[in-house]
Amino acid sequence: MPTRHDAAAPPVKGGAAPARPPAESATEERRRARLSRRWQRDVRWSPYAFVSPFFLLFVAFGLFPLLYTGWASLHAVELTAPTDMSWVGLRNFTRIFDDEFFWNAAKNTLIIGVISTVPQLMMALGIAHILNYKLRASTFYRVVMLAPYATSIAAATLVFVLLFGRDYGMINWFLGLFGVDQIDWQNGTWYSKIAVSTIVIWRWTGYNALIYLAAMQAIPQDLYESAALDGASRWKQFLHVTLPSLRPTILFTCVVSTIGASQLFAEPLLFDANKGASGGSQHQFQTLGLYLYEQGWVNQHLGRASAIAWTMFLILIVVGIINYVISRRLRASS
Amino acid sequence: MRARTLPHSRLRSGGGTRIARTTRKTVVIAAVAALGAGLLAGCADDGKDEDDTSSGSGGGGKTKITLGLFGTAGFEESGLYKEYEKLHPDIDIQQTVVERNENYYPALLNHLTTGSGLQDIQMVEVGNIAEIVGTQSDKLLDLSKYGKKDDYLPWKWQQGTTSGGQTVALGTDVGPMAICYRKDLFEKAGLPTDRAEVGKLWAGSWDKLVETGNKYKAKAPKGTTFLDSPGGLLQAILSSEKDRFYDSSGEVIYKTNPAVKAAFDLTAKAAKDGLVGNQTQFQPAWDTTIANSKFAAMSCPPWMLGYIKGKSKPEAAGKWEIAQAPKSGNWGGSFLSVPKNGKNAEEAAKLAAWLTAPEQQAKLFAVQGSFPSTPAAYDSAAVKDAKNDMTGDAPIGTIFAEAAKNIPVQTIGPKDQIIQQGLTDNGVILVAQGKSAAEAWKNAVKTIDNALDK
């Protein structure tokens, strides 16, 4: 880098002067050396300065809370006196092993995660495939599809709570037309999970479909043409051309959806607003995020909540590694 | 195989007609705008949560006093701020209201423990008062010099006072409980409708109330239950008990206290027999059962009348009547406290004392239905002659005042709210959904114990 400076400098300054007096040349030399050093420092350290705002914010609002949460998890701390900590070692972690509420929440998170993510991604794939054809007003459909994603979670959930109402909900009214008995969407063990998943599916399907659509449009057309020449039906084309080409995209959406599912919070919190963070009278749709919130802000046990947060973090790391291994296998097999 | 339609929109001819493109652009923009407007409308309600309803124009040089409130305290609505500002021209009062106490209280605790973000006056709900008095009293001003002890109901004053004799919170309203019932439904079921006679049906014992429920059920109009919800009944029974979840030394005794188990079992029995609606109070579905007249009676502190009125159809006006509960109890009510490190702590304390004085509480009752915690107000015309649209010409002020005088001095504790909610939302409601009382009790105890364990 400094060489570029040296090469560029002479024509501007002394390039035109045929003979420079030696004294001036010496000061000029020093000046240039100083400038060059400054330039070097600039080049070397400026990039760090430019990226530092992010990292400073990350340290203040990401790293520090993470570490402090770890420190707090080793103590008994109450919200009524957050500075009054008493050391309990790993007790907050060991008790998680026989905390049935934690494992119930973990199970719920997994179940809701699966029954929301799998149909969501499959539907998104199908929708993207349809939208990939030449359609009238395709931009309109794309905007409509993304609308749920732009809706506030709280507003959407509150509307869904009304739709899923047991006595006066529209969904039960509709099912009633076919002779289905009233379903207690909030209190049924499975029904409540399905209802919460529905909200998630409604919100995220369009978003994933758009991602798939973008990837589909990048698949070279000649692949389809040659497949068609070989006599492949549309379905076969989808199976053997579209799907393999989408593999990295599918993997990406899987990872993002997994992360989203493991953080599921607002939907179950608002799905039964009166029971607050307990996730239903029998905790039937309490997710890990909700249980963490309940321990910290409702029950006011910050130490226990911190330990739950860290356990969730560790579980997520394990999930991440599994994801990575699977994706490597997939890549190797292709 | 026929040539397939090319799915790629980007392969379409780049030129296109200018007009077509502009229209499409317009359509898209219009669609986005329409959706955006819808979304904004959907979000508009959120604004209520932390609405800065400020009163008066903040004039220069005035002392500004801020209040942090939740729910519908009604100080501003009943014109009390304006009145105080008129009496003290150098004071400017502003309030911040959070709609739900579940959102308000954790933030208040946080602000108290960090010593920042506090308003000059902070409201505290009765379910949290023991915790505030027990753990935060060193951060609150002693108000015993400002409020007159003899003005307040003794137990209300006591709840805001620490074991060391510091009064850190002054009582605003109380919730003396009565039973509201529908005259038309009672009549159809062959029960008396006169409030004195109805009161006699169950005077002195909650069992008798449940028995009356059985009588009602025998001839009940189709689709109605006797009471609104298991939670309402449990709340009513427990609030009339002297000792509930804590003993006087502060030990948690809810599991071994026979009164709690009896209340739970009686409610479970009523739920099993179908005397209560399968509802959770304050949920939209429960609101609808009020609107559609799906139950005949409910436990009813003064503020509940306002709630009923808000959720009822107009034709229900005057169809309600109100009778004394089997035993008097208190449900709800709040306090005002003044953080020590506020800039205008002393002025704030004066305002808190003025807002909770008998004359002001009487005015508040007339407008807002919050029942005074100051017995001197009970003889004022505003309370004595008070009527409510829902209950026709029933003298509600006199009825609630009668109940207020018989409320037991209850032993309260820091986690009352969590225990009460566990017994209700993780307990008796399960019986209404078909579980046995024993299963429901087990589920409730498990939840509560996990919540209490540090």
- Note on the range A:100-114: residues aromatic (Phe, Trp, Tyr) and touching a helix residue (DSSP H, G or I) at 6+ places or on another chain (Cβ under 7 Å) are A:PHE101, A:PHE102
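Wholly within the range A:232-283, which helices (runs of 4 or more DSSP H) include no fewer than the required count, namely at least 2 residues that are under 25 Å from the mean Cα position of the chain (by Cα)? Show your work before the answer.
Values: elements: A:234-237, A:243-262, A:266-271.
Hits in the range A:232-283: A:243-262, A:266-271.
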- Please work out which one of (1) buried (at least 21 other Cβ atoms within 10 Å of the Cβ); (2) farther than 23 Å from B:LEU141 by Cα is the condition B:SER373 fails and give its number. (2)
- Task: Would you confirm whether any residue within the range A:312-330 is within 14 Å of chain B (Cβ to nearest Cβ) and assigned to a helix (DSSP H, G or I)?
- Result: no
- Query: Does A:PHE140 satisfy being away from chain B (no Cβ under 14 Å), more than 18 Å from the chain's Cα centre (by Cα) and either surrounded by fewer than 17 Cβ atoms within 10 Å (Cβ to Cβ) or in contact (Cβ under 8 Å) with a residue 40 or more places away in the chain (or both)?
  - Reply: no
- Note on the structure: Reported set for the range B:283-293 where residues are assigned to a helix (DSSP H, G or I), in contact (Cβ under 8 Å) with a residue 40 or more places away in the chain and more than 8 Å from chain A (Cβ to nearest Cβ) is B:TRP286, B:ILE290
- Query: Considering B:THR256, B:THR212, B:THR280, which residue is among the hydroxyl-bearing types (Ser, Thr, Tyr) and within 14 Å of another protein chain (Cβ to nearest Cβ)?
  - Reply: B:THR280
- Sort out which residues of the range A:295-334 are charged (D, E, K, R) and more than 15 Å from A:TRP103 (Cβ to Cβ), and write them in order of number. A:ARG328, A:ARG329, A:ARG331
- Query: Out of (1) surrounded by 21 or more Cβ atoms within 10 Å (Cβ to Cβ); (2) away from every other protein chain (no Cβ under 14 Å), the odd one out for A:TRP185 is which?
  - Reply: (2)
- Item | Criterion (on the phi < 0 side of the Ramachandran plot, touching a residue at least 40 places away in the same chain (Cβ under 8 Å) and within 14 Å of chain B (Cβ to nearest Cβ)) met by exactly one of A:ALA305, A:ALA266 | A:ALA266
- Query: Among (1) at pLDDT below 90; (2) more than 12 Å from chain A (Cβ to nearest Cβ); (3) assigned to a loop (DSSP other than H, G, I, E, B), where does B:ILE19 come up short?
  - Reply: (3)
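Check B:ALA382, B:ALA349, B:ALA386, B:ALA291 and return the single one that is of a type in the set (A, V, I, L, M, F, W, C), closer than 26 Å to B:GLN159 by Cβ and surrounded by fewer than 22 Cβ atoms within 10 Å (Cβ to Cβ).
B:ALA382
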- Note on the structure: A careful count of residues in the range A:274-303 that are touching a Gly at 6+ places or on another chain (Cβ under 8 Å) and of a type outside the set (Ser, Thr, Tyr) gives 7
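Might you check whether a residue that is within 14 Å of chain B (Cβ to nearest Cβ), part of a strand (DSSP E or B) and in contact (Cβ under 8 Å) with a residue 40 or more places away in the chain occurs anywhere in the range A:82-105?
Yes, the range A:82-105 contains a residue that is within 14 Å of chain B (Cβ to nearest Cβ), part of a strand (DSSP E or B) and in contact (Cβ under 8 Å) with a residue 40 or more places away in the chain.
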- Message: Every residue in the range B:75-116 that is more than 14 Å from every other protein chain (Cβ to nearest Cβ) and assigned to a loop (DSSP other than H, G, I, E, B), please.
- Response: B:PHE75, B:GLU76, B:GLU77, B:SER78, B:GLY79, B:HIS88, B:PRO89, B:ASP90
- Task: Confirm whether A:THR109 is crowded, with 16+ Cβ neighbours inside 10 Å, more than 12 Å from chain B (Cβ to nearest Cβ) and in a helix (DSSP H, G or I).
- Result: yes
- Message: If I filter the range B:435-454 down to residues being of a type in the set (A, V, I, L, M, F, W, C) and within 17 Å of A:PHE101 (Cα to Cα), which single residue comes out as nearest to the other protein chains (Cβ to nearest Cβ)?
- Response: B:ALA451
- Message: I'd like to verify a number: residues in the range B:400-434 that are within 19 Å of A:LEU290 (Cβ to Cβ) and more than 13 Å from chain A (Cβ to nearest Cβ), how many?
- Response: 0
- Message: Looking at the range B:148-162 only, could you name the residues that are outside any helix (DSSP H, G or I) and farther than 19 Å from B:ALA130 by Cβ?
- Response: B:LYS148
- Item | Selection count where residues are more than 8 Å from every other protein chain (Cβ to nearest Cβ), in a helix (DSSP H, G or I) and in contact (Cβ under 8 Å) with a residue 12 or more places away in the chain, scope the range A:157-171 | 4
- Query: With A:LEU251, A:LEU239 as the choices, which residue is more than 30 Å from A:SER278 (Cβ to Cβ), away from chain B (no Cβ under 13 Å) and exposed (fewer than 14 other Cβ atoms within 10 Å of the Cβ)?
  - Reply: A:LEU239
- Given the structure, is A:VAL241 β-branched (Val, Ile, Thr) and more than 30 Å from A:TYR68 (Cα to Cα)? yes
- Mind checking which residues of the range B:391-429 are more than 30 Å from B:TYR246 (Cα to Cα) and crowded, with 22+ Cβ neighbours inside 10 Å? B:THR391, B:ILE396, B:GLY397
- Task: Please find, within the range A:200-250, the residue that is nearest to A:GLY260 (Cα to Cα) out of those that are touching a residue at least 24 places away in the same chain (Cβ under 8 Å) and charged (D, E, K, R).
- Result: A:ARG203
- Task: Give the residues of the range A:203-222 that are of a type outside the set (Gly, Ala, Ser) and either away from every other protein chain (no Cβ under 12 Å) or not in a helix (DSSP H, G or I) (or both), sorted by residue number.
- Result: A:ARG203, A:TRP204, A:THR205, A:TYR207, A:ASN208, A:LEU210, A:ILE211, A:TYR212, A:ILE219, A:PRO220
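B:ILE308: surrounded by fewer than 24 Cβ atoms within 10 Å (Cβ to Cβ), of a type in the set (A, V, I, L, M), away from every other protein chain (no Cβ under 14 Å) and assigned to a helix (DSSP H, G or I), yes or no? Reasoning before the result, please.
Details: surrounded by fewer than 24 Cβ atoms within 10 Å (Cβ to Cβ): yes; of a type in the set (A, V, I, L, M): yes; away from every other protein chain (no Cβ under 14 Å): yes; assigned to a helix (DSSP H, G or I): yes.
It is true that B:ILE308 is surrounded by fewer than 24 Cβ atoms within 10 Å (Cβ to Cβ), of a type in the set (A, V, I, L, M), away from every other protein chain (no Cβ under 14 Å) and assigned to a helix (DSSP H, G or I).
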- Hey, among the residues in the range A:273-288 that are out of contact with any Ser or Thr (no Cβ under 8 Å at 6 or more places or on another chain) and more than 7 Å from every other protein chain (Cβ to nearest Cβ), which one's modelled with the highest pLDDT? A:ALA277
- Query: Somewhere in the range B:236-244, is a residue under 23 Å from B:GLY306 (Cβ atoms), small (Gly, Ala, Ser) and in a helix (DSSP H, G or I)?
  - Reply: yes
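What do you reckon, is B:ALA271 in contact (Cβ under 8 Å) with a residue 24 or more places away in the chain, part of a loop (DSSP other than H, G, I, E, B) and among the hydrophobic types (A, V, I, L, M, F, W, C)?
So B:ALA271 fails the test.
The values are calculated or read from the model by the stated rules, or taken from the named source; none is laboratory data. Treat the numbers as computed from the prediction; the structure is a model and nothing was measured. Positions of Cβ are generated from backbone atoms using ideal geometry, with glycine treated the same way; all protein chains shown enter the neighbour counts.
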